[in-house]
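Encoded as structure tokens, the structure appears first; notes follow it.
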Amino acid sequence: MAEVNRRDFLSGLGVTVGTALTALPGVLPSVGVAHAQDKPKGNIPDTPFKIGHMTFFTGAAAVLGEPMYKGQLLAAEEINAQGGLLGKRKIEILKADENAGTDANVKELRRLKLSEKIDFFCGITSSGNTPALGPVAEELKVLTIFVDGCTDFLFDKAVPNPHYIFRITNMQSADGVTGAVAAAMTWPRTKRIAHIHPDYSYGRNAFDHFRIVMKKMVPGAETVSEAWPKLGTTDFSSHITKTIAAKPDLLAISVWGGDYVAFYKQALRYGMFDKMHVASMIAFGVAPHAIGKDHPEGIIAGVHSNYHFTYPGGDKWPYNKTFVEKYHKRFNEYPNFQAEGGYTATYMLKTAIDKANHLAGGWPEDDAIISVLEGLMMAAPAGYVYIRPDNHQGYKDAITGFSKNVAEYPFPILDPNRIITIPIRNITAPPGWPKGEPTSTYTWIDKTWPQVAMAAEPAKAPGAARPATPAPAKKQ
Amino acid sequence: MSTVTTVVIPARSPIRRLWYAAPVLAVLLVLPWVAEQYQTILLAYGLVMAIAAIGFNLLLGYTGLLSFGHSAYFGVGAYAVALMVKYLGVVSMELHLLGAIAASVLVTAIFGIACVRYTRIFFSILTMALSQVLWSLAFKFFWVTGGTDGLRVPTPTLLGVVTGKGDKTAFLVHQYYYYVLGVFLVCVAIMWVIVNSPFGRALQAIRDNETRAQFVGIPIWRYRWVAFMLSGVFTGVAGALWVPLNGLTTPDILHWTFSGKIVFMAVLGGFRTFVGPIVGAVVYNYLESYAVGYTVYWQLFLGVILVVLVLSLPTGIVGTAERLMARRRGPR
Amino acid sequence: MSVLLETKAVVKQFGEFRAVDRVDFRVQEGEVLALIGSNGAGKTTLVNLISGLLTADEGHILFRGHDVTKQPVKERIRAGIARSFQLVNLFDQLSALDNVALAIFSRQGKTRRLLSLADADRPVWQEATDVLALFRLDAHARTLAGGLSQGERKLLDVAIAYALKPKLLFLDEPTSGVGTREKAPIMDTIVSVVRSEGISAAIIEHDMDVVFSYSDRIVAMHQGTILADGTPDQIRRDEKVLTTLIGTPEPPRPSQGGG
Amino acid sequence: MDIALIHVFNALLYASVLFLIAGGLSLIYGVMRIVNLAHGNLYAFGAYVSAWIIGYLSTSVAVGEAGSGAPTWVLLALLPAGALAAAAAGALLEPTLLRPFYKRAEEYQLLVTFGLLMIIDDVIRFLWGPYPLSASVVFENFGSVTVGDTLYPTYNFLVIGVGALAAVFLWAFIYRTRFGVVLRATSQDMRMSAALGVNVNRVYVQAFTLGCFMAGLGGAIIVPSQSAVLGMGVDALILSFIVVVIGGLGSLEGALLGALIVGVVREAGITWFPEVELAVLYLMAAAVLLVRPAGLFGRA
């Protein structure tokens, strides 16, 4: 495999660092903004449009589930205020608790479709649940957009040829890849990497993809420690001690939610952040407001599903600005990626329904909505979302950044001046790539990415051996 | 003392009771044609869980052992099917059932040797600990079991001819429902014979009085072990039947809280009677499904039901109904 | 009469305490024997050793010439040793009839049958009915054992043991906990059944009236050893027995304590 | 070397909290022969109450006072509130829900506490919502000490100290006080004690309250360094099951030993064999049950 230098590599990936958002390509449908709209064509029934929304209302993951529901609720309220879908059909949301277990969830989805006759199914947080519910949604022929449940397994294996189901979050693989690319460009002389990941598919995917990217981009770096706390762990003493003992220069971590808050508070007292760089896949994604100002600055604080409410910030991207304002006004908290996901999924549905009506008139058939959704590109608070027709997966450009305290918020945010973005097409397996193990993206990276040449970077740290051929240092 | 006496046939002659089952069976048979699809699917779940519950009740109701680890055997049945699909490409439901039976015999035989020496709380905790071992293995050995993602199981072939190609909902509501009903009836019949066999009486004797049972010549541990295996196999069969309904196996069904559900079912229906667990499984299934659908405080709801049940109706639905009926008939 | 059962220097130790201390005990074929002694004398322990509830630390137990010292309970029952219990041990949620039938099923090796209906086996129910009649319990055949009176429970306990068709029957205080008036009818019933079938019986009993009126031979135990062994007349006149066991003009009260 | 020392501290930290939870569970079983499946949720309840009070005082009250809220010693003094709340809950639950079951079969006791487990889970959610509650200000104010060339959270020593103190205090309480004598007598033979004039009902409610107090104390003491999250109760229950199974149901010495063993094995598991860390604990419990069903210290 060809060896390249890292700078070429990064520019090849299209990685940008800074404040810019990709230029707006004019006339895309967008969410949350009441724009001039044609009158709906044909006869529209005024029966309520029933959405079954299943997410975690109880259990530890309710920290993700509640915002997802609120995001959808907000969108539904806005749409209903304008008369409903196509101006006629008011949205009615039926809540269901995902925490009842996979078995009960499958039953509940059947009940929602067969008994409650829902028109649309939405939600799902756990990556263990989309592979169970996806096939059932297909078999029930219920139009579905999963907001999360981000396992690659869903479209790689569980439903390789989806028709009724879509998903708008990024896949798990993207988190690991994004974190690793950011870490590799920020700390290119990393030699010893430690890992702490939650012990389930999200954590393992983060681990696998972080490793494969590091193998390509930072050759010679080795994994010196792995810790796998169970999801829901709040005592990280042992994991921290183990990690410190391995003397890594970089820690890759994908612990999230309340677990992460407990982790960083404990890690601070162990002086962990002084001893190594830290790259998290998801630290600021789950509950931004739960992170305290004591959180160290300058770590890579990933956001799952590429949304942090401060980015795109200010007036650069009005969709996000208005969404954050409305959400904060309605619920008195800042939205996380799940809130954005629930909101965007609802508007994506609305957009597809509007378009399908525009094409054919009347209330569109599910198949008409599906054909609009396939290949739909839409501007959402998080930026552009594109639904790839072949696998029904939503793609948006990956972002990550560095933790920073600012005056405006009582908690740290991503440093607005150093946001890292990567075009999503460059870090996920392209259409037609054969299904792989553990994921298609993994095998795609393994097989097609070039290898960064060893010692292509100068060592800046004092005492480190200088490479034979000096190359221009990348700005960190 | 040598006067001729007439034989006293046991009063509860169970054969006579079969007549009560006839109308119920008729309802079960016509249901897919009259009820809405969801109700039929829910009932299919209920029947599957009923098989697990009567298996469980062979231990609790008839042998006096409260297992808090029956999730293990349910899970073994389900995972046996999933692994057969993954590694052997087997799609025949009959082979799935055979595989599930073989796997659950193996696991219960080993677990049983360990567990049957104990009774009461020690038995409960030991079964729970062993089921958690399986749970953590399914969880940790993800390259075999799929970890939390679980293992996907496609629609099986029934009797070598019926395939679920096409509309799976219709398949579940008709072909598969009748298949489950058939297996359920076979299981109920077998279990009914077992509990009414001399062996079943011996188990009840062990339940009532271990020492005395020993002194009528019953090998306690061996019989408990056999009961343990039978119980586990029924639950394993239920696990295998459950897989096509869920479409996926996940470690959820191995966790001890799933065992708690099975216990709940038996107690809800009444574990002192044969039909209690069947009624309990079906009713629990409805309770849980509708509670989850209607309130996020479904746990609270189920918890309150459980507490009220054990406080005021310890004999469960069937036990209470029997008592009420006996009272209406008046004392004999 | 030939020797049915013989223990040779059996010992049972509980920690520091020797409950049975090198006891040689013998039961003849066809006799009704009484085991007496104060609480803690070792009577019940001895019966437990012979019936298999406990295993002897030392010594041998021979039944019809065969060494059964280490045999499991099941084997001893098959050989013909059965027992009842001082604190009645019944299958309370089964009917009286079922209780007896179970013993018959077990005796015939039928409890291994998983897939045949117990109720269909008419000969067993016939026999169980007969046994209940023998013990005058036929009126309660369908009553759950847990619902019987104490006296009936005592009888049923013996009936279960009897249904095993033993050659030697140990009865551990068959009238304890029963009203004085009920004692005689219970003993009449039991002893007449035992005698008519030629079964050897060893009865542990505290009530001296019962002991003296129903037994052919009496063995008195004290502190884990055999104090005296003889006919009722011999025992009645035995000095050691009088001073250590009976002691007072009144017979020892029928207590609830075990040996 | 200093890392080895820290491993030991970590194990002790974990063991301390586990001892408090499992000790309570064991005490209740020892006296009342009830295995309380809702015990873990009382631990969670304690954690939530303490986190709620501390969180309230360290933020809301302090808004006017330039940043930091009530002084640490005030917060520390209020920390046991969670333990008291759990004890109060216990004092309420025993006479109402558990007392009717002492004469019934064990399975009913297990079931009623299983129902209670579900109820308390949802009550906590109802009261405090889905988000984690934090009391980390106490943990932060304690800072760190240097062990070798590594830092170690000072607060952890407080937790270890409380665990050790609780063990000593309980030992003295049970073996050196009149109440302890009554407690032990009742646990040996309830009927005999009743015959000797012991008010068994009162002993039961006291023992149950004490057990719940310990669980609540475990939650209260650990919540500053971690946080109160939904679902923490069931996890704690399973771990304390492992502890009491290893140590022996009903034995406080056993709970102490079991907690130490689990603390050490978990620390070693995370460090050296993360693949099977979970299974090892369950297998250990199963193995002990097989060899010594009553546990290492059990008497049953």
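The sole residue among C:ARG181, C:ARG113, C:ARG142 that is over 23 Å from C:GLU197 (Cβ atoms), of a type in the set (D, E, K, R) and in contact with a strand residue (DSSP E or B) (Cβ under 9 Å, 6 or more places away or on another chain) is C:ARG142. Evaluate the following for B:ALA129: is it modelled with pLDDT of 90 or more, within 23 Å of D:GLU106 (Cα to Cα) and open to solvent by less than 30 Å² (accessible area, probe 1.4 Å)? So B:ALA129 does not fit the description; no. Applying the condition of being at the interface with another protein chain (Cβ under 8 Å from one of its Cβ atoms) and in contact (Cβ under 8 Å) with a residue 12 or more places away in the chain to the stretch B:286-308 and asking which residue is most open to solvent (accessible area, probe 1.4 Å) yields B:ILE305. For the stretch D:157-174, check the following and say yes or no: at least one residue is open to solvent by less than 50 Å² (accessible area, probe 1.4 Å) and touching a Phe, Trp or Tyr at 6+ places or on another chain (Cβ under 6 Å). Among the residues of the stretch D:157-174, at least one is open to solvent by less than 50 Å² (accessible area, probe 1.4 Å) and touching a Phe, Trp or Tyr at 6+ places or on another chain (Cβ under 6 Å), which makes the answer yes. Of the helices (runs of 4 or more DSSP H) entirely within the stretch A:232-344, those holding at least 2 residues that are in the same structural domain as A:ALA182 (by TED's automatic domain parsing) and more than 21 Å from A:THR190 (Cβ to Cβ) occupy A:237-245, A:257-269.
Would you call B:ASN196 over 30 Å from A:SER201 (Cα atoms) and in contact (Cβ under 8 Å) with a residue 24 or more places away in the chain? When the stated conditions are applied, B:ASN196 passes them. Taken as a whole, the condition of being free of Cβ contacts under 8 Å to residues at least 40 places away in the same chain, away from every other protein chain (no Cβ under 14 Å) and open to solvent by 10 Å² or more (accessible area, probe 1.4 Å) applies to A:ASP315.
Check whether at least one residue in the stretch C:17-26 is over 15 Å from the mean Cα position of the chain (by Cα), in contact (Cβ under 8 Å) with a residue 24 or more places away in the chain, in a strand (DSSP E or B) and closer than 26 Å to B:ALA213 by Cβ, and report yes or no. There is at least one residue in the stretch C:17-26 that is over 15 Å from the mean Cα position of the chain (by Cα), in contact (Cβ under 8 Å) with a residue 24 or more places away in the chain, in a strand (DSSP E or B) and closer than 26 Å to B:ALA213 by Cβ.
If you go through the stretch C:149-170 one residue at a time, do you hit one that is more than 15 Å from the chain's Cα centre (by Cα), in contact (Cβ under 8 Å) with a residue 12 or more places away in the chain, assigned to a loop (DSSP other than H, G, I, E, B) and more than 14 Å from every other protein chain (Cβ to nearest Cβ)? Checked against the condition, which is being more than 15 Å from the chain's Cα centre (by Cα), in contact (Cβ under 8 Å) with a residue 12 or more places away in the chain, assigned to a loop (DSSP other than H, G, I, E, B) and more than 14 Å from every other protein chain (Cβ to nearest Cβ), the stretch C:149-170 yields no hits at all. Of all residues in the stretch D:222-235, those satisfying the criterion of being open to solvent by 10 Å² or more (accessible area, probe 1.4 Å) and either under 14 Å from the mean Cα position of the chain (by Cα) or among the hydroxyl-bearing types (Ser, Thr, Tyr) (or both) are D:MET232, D:VAL234, D:ASP235.
Within the stretch B:99-144, the residues that satisfy the criterion of being at the interface with chain D (Cβ under 8 Å from one of its Cβ atoms), farther than 17 Å from B:LEU60 by Cα and free of Cβ contacts under 8 Å to residues at least 12 places away in the same chain are B:VAL133, B:SER136, B:LEU137, B:LYS140. Restricting the stretch C:78-136 to residues that are hydroxyl-bearing (Ser, Thr, Tyr) and facing chain B (nearest Cβ under 8 Å), the residue that is most open to solvent (accessible area, probe 1.4 Å) is C:SER116.
The test for being within 30 Å of A:LYS230 (Cα to Cα), more than 10 Å from every other protein chain (Cβ to nearest Cβ) and polar (S, T, N, Q) does not hold for B:THR157.
Among the residues of the stretch D:236-265, which ones are open to solvent by 20 Å² or more (accessible area, probe 1.4 Å), outside any loop (DSSP other than H, G, I, E, B) and either among the polar types (S, T, N, Q) or farther than 22 Å from D:HIS7 by Cβ (or both)? Result: D:LEU252, D:GLU253. Only a single criterion out of (1) modelled with pLDDT of 90 or more; (2) touching a Pro at 6+ places or on another chain (Cβ under 8 Å); (3) more than 7 Å from chain B (Cβ to nearest Cβ) is not satisfied by C:HIS60, namely (2).
On the given criteria, is B:PHE228 aromatic (Phe, Trp, Tyr) and open to solvent by less than 10 Å² (accessible area, probe 1.4 Å)? Spelling it out, B:PHE228 is indeed aromatic (Phe, Trp, Tyr) and open to solvent by less than 10 Å² (accessible area, probe 1.4 Å). Selection over the stretch D:33-56 of residues that are open to solvent by 10 Å² or more (accessible area, probe 1.4 Å), under 29 Å from D:TYR102 (Cβ atoms) and part of a helix (DSSP H, G or I) gives a count of 3. May I ask you to verify whether C:ILE50 is within 8 Å of chain B (Cβ to nearest Cβ), part of a helix (DSSP H, G or I) and either surrounded by fewer than 20 Cβ atoms within 10 Å (Cβ to Cβ) or of a type in the set (A, V, I, L, M) (or both)? When the stated conditions are applied, C:ILE50 does not pass them. Exactly one residue among D:ALA279, D:ALA287, D:ALA268, D:ALA294 is outside any helix (DSSP H, G or I) and surrounded by fewer than 24 Cβ atoms within 10 Å (Cβ to Cβ), and that residue is D:ALA294. I'd like to check something: does the stretch A:199-208 contain any residue that is among the aliphatic types (A, V, I, L, M), under 28 Å from A:THR234 (Cα atoms) and at pLDDT 90 or above? Yes, some residue in the stretch A:199-208 is among the aliphatic types (A, V, I, L, M), under 28 Å from A:THR234 (Cα atoms) and at pLDDT 90 or above.
The values are calculated or read from the model by the stated rules, or taken from the named source; none is laboratory data. No experiment lies behind these values; they were computed from the predicted model shown. Note that each Cβ is placed from the backbone with ideal geometry, even for glycine, and that neighbours are counted across all protein chains shown. Remember, those area values only see protein heavy atoms, side chains included, never the ligands or the DNA or RNA. Shrake-Rupley method; radii C 1.70, N 1.55, O 1.52, S 1.80 Å.
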